[in-house]
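Visitor: Questions regarding the structure given below will be posed in turn.
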Amino acid sequence: MYNFSAGPSYISREIMKDICLGLDDSKRSGFSMMEISHRSNIFMEIVHELQGGLRKVLDIPENYEVLFFHGGARGMFSAIPLNLFQRNEIVDYLIGGYWSNYAYREGLKYCSARSVEIIKESRDDIVSLLPVKKWDLSNKSKYVHYCHNETVEGLRAHIEDIDDIPKDKVIIADFSSSILSEPIDISKFGIVYASFQKNMGIAGTTVVIIRSNLIEKPRHDSVPSILDFSVQLKNSSLYNTPSTFSWYVSTLIIRWIRKNGGVRKIEQINRKKAELLYNTIDQSQLYINSIDMKYRSMMNVTFRTKSTKIDEKFVEFSEKSGLLFLRGHRETKGMRASIYNSMPYEGVKALVDFMKYFEHQYFFKDVSFF
């Protein structure tokens with residue numbers, strides 16, 4: 001059985017075995033990792049390993065801090081403007097899909113957020129992104145926020161595209177569904193943030209990688225202490241009790257990534273998985289993907305058939321075949337296969353085999369099948 005959920009997502013069976021060991025008797029302490037104090041020496045070893053491991057696999061420069069917070073990426077939709085933006089400050093929010101739009105709507109509460117549409121839709125309904133030169137960026141904005149990978153639409157913005165953004169602007173990026181899936185030049189960003197439950201672990205924690213000079217006294221007096229970047233930095237992200245087990249699982253995932261060749265090797269595997277799935281869609285007569293090839297997501301592959309009735313049958317029979325959570329987001333319908341780092345090539349191959357079988361049955365109009 002394979003879990004294609006957008007998050008919480010599939011976890012490697014190899015990592016799952018290590019998680020189970022932590023449930024029983026961590027380092028022969030007599031306790032489970034679920035009941036270890038966040039002030040204990042054992043947990044502090046986890047803190048140092050997690051921060052240090054993340055710095056190594058992402059090659060994070062020394063002038064950046066690594067902080068951890070509760071609340072998922074949605075929490076950062078509020079925390080970032082509370083910490084960085086003045087009430088009347090103009091901030092450009094690039095709208096490329098569902099989650100970037102949510103960030104913008106939250107930002108409206110705390111600053112003069114501007115919605116900057118970057119989506120381009122052709123006459124044949126193929127979705128792509130406008131070139132950076134056509135983005136309606138304000139001359140008065142210091143900050144630009146965007147989402148690198150839109151999980152709902154299955155659309156990926158290229159990191160290289162932001163090179164054309166004026167150098168005097170601070171770029172803030174939501175990498176929740178793509179962090180650790182490919183190399184990132186952290187120095188291009190003021191902030192990179194991501195929730196754990198896609199590629200970094202289980203739900204409960206968000207990582208914030210922030211350039212040190214951006215951590216100052218919050219711009220809003222009412223920012224909660226647990227969302228205050230300066231407070232969390234001063235307390236090594238332990239101002240309040242963290243999601244300890246979530247942190248523990250993430251250390252295991254970082255170990256797994258390093259053991260398997262690092263992020264560059266992971267990226268090669270991810271590209272191979274995505275190519276297999278997209279090629280199957282493009283070569284079929286039944287399945288449709290509406291994203292321009294250049295901007296297709298490596299992590300979330302969206303597709304549909306020619307009717308919602310057939311889509312429903314696809315989901316129904318795929319579940320019976322052990323291919324779980326392929327139903328698309330409620331906003332976009334259709335199907336979505338999330339193939340994060342832990343999804344093995346064999347899982348994508350199993351999905352592709354089913355897709356071909358389903359298409360064969362459809363065109364031969366097997367009444368018993370439908």
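The values are calculated or read from the model by the stated rules, or taken from the named source; none is laboratory data. What you are looking at is a predicted structure, and each value in this text was computed from that prediction instead of being measured. Quick reminder, even Gly has a Cβ in these numbers, built from the backbone with ideal geometry, and neighbours come from all protein chains shown. The protein model used for the area step is the full one, side chains on, heavy atoms only, and it has no ligands, DNA or RNA in it. Shrake-Rupley method; radii C 1.70, N 1.55, O 1.52, S 1.80 Å.
Visitor: Between Ala203 and Asp125, with labels modelled 7 Å along Cα→Cβ, what's the label distance in nm to one decimal, could you check?
Guide: Going from the Ala203 label point to the Asp125 one covers 3.1 nm.
Visitor: Let me ask something else. Note down the Stokes-Einstein diffusion coefficient of the chain in µm²/s, whole number, using a Kirkwood radius over alpha carbon pairs, 20 °C, and 1.002 mPa s.
Guide: 99 µm²/s
Visitor: Using only DSSP helix segments of four residues or longer, with each worth -39500 (n - 2.57), what per-residue ellipticity at 222 nm results for the chain after dividing by its residue count and rounding to 500?
Guide: So the helix-based figure for the chain works out to -11500 deg cm²/dmol.
Visitor: Let's see if you can work this out: charge +1 on each Lys and Arg Cβ, -1 on each Asp and Glu Cβ, no other charges. What is the dipole magnitude of segment 30-171 about its Cα centre, in debye to the nearest 20? Don't jump to the answer; show the numbers that get you there.
Guide: Numbers: 17 positive and 21 negative charges, 106 e Å.
Here segment 30-171 has a charge dipole of around 520 debye.
Visitor: To one decimal place, what Kirkwood hydrodynamic radius in Å is obtained for segment 251-299 from all pairs of distinct Cα atoms?
Guide: That comes to 12.5 Å for segment 251-299.
Visitor: While we're here: Using only alpha carbons, build the gyration tensor for segment 39-109 and give me the equivalent ellipsoid semi-axes, biggest first, whole Å.
Guide: 30, 14, 13
Visitor: Taking N as the number of residues in segment 15-70, what is its alpha-carbon radius of gyration divided by 2.2 N^0.38 Å?
Guide: 1.33
Visitor: Here's something else I'd like to know. Under a 1.4 Å probe, what is the accessible area of segment 96-238 per residue, stated in Å²?
Guide: Working: 5880 Å² over 143 residues.
Per residue, segment 96-238 has 41 Å² of solvent-accessible surface.
Visitor: Can you list the aspartates and glutamates whose alpha carbon sits under 15 Å from that of Lys217, skipping same-chain ones fewer than 8 residues off?
Guide: Cross-link targets: Asp228.
Visitor: At 7 Å along the Cα-to-beta-carbon direction for both His38 and Tyr345, put a label point, then send me their distance in nm to one decimal.
Guide: 4.0 nm
Visitor: Just Pro344, Pro242, Pro61 to compare: in a GNM of the chain, with alpha carbon springs under 10 Å, which one fluctuates most?
Guide: Evaluated over the chain, the most mobile residue of the options is Pro61.
Visitor: Moving on. Could you sort the peptides 6-16, 180-190, 36-46 by per-residue average Cβ neighbour count (10 Å cutoff), highest mean leading?
Guide: So the order, starting with the most tightly packed, is 180-190, 6-16, 36-46.
Visitor: Then there is this: Take the alpha-carbon positions of segment 246-370, form their convex hull, and give its projected area averaged over all directions (one quarter of the hull surface) in nm².
Guide: The orientation-averaged projected area of the Cα hull of segment 246-370 comes to 8.9 nm².
Visitor: Would you pull out the residues with amide H under 5 Å of Arg327's amide H, same chain only if 5 or more places away, H placed 1.01 Å from N?
Guide: When sequence neighbours closer than 5 places are left aside, the close amide H contacts are Arg336.
Visitor: Looking at the calculated P(r) for segment 119-242, what percent of the C-alpha pair distances fall above 20 Å?
Guide: 54 percent
Visitor: Right, another one. Only four residue types carry charge here, +1 at the Cβ of Lys and Arg and -1 at the Cβ of Asp and Glu. Report the dipole size of the chain about the Cα centre in Debye, rounded to the nearest 20.
Guide: 40 debye
Visitor: Cross-link partners among lysines for Lys120, C-alpha distance below 16 Å, same-chain residues fewer than 8 apart left out?
Guide: Reachable lysines: Lys133, Lys134, Lys294.
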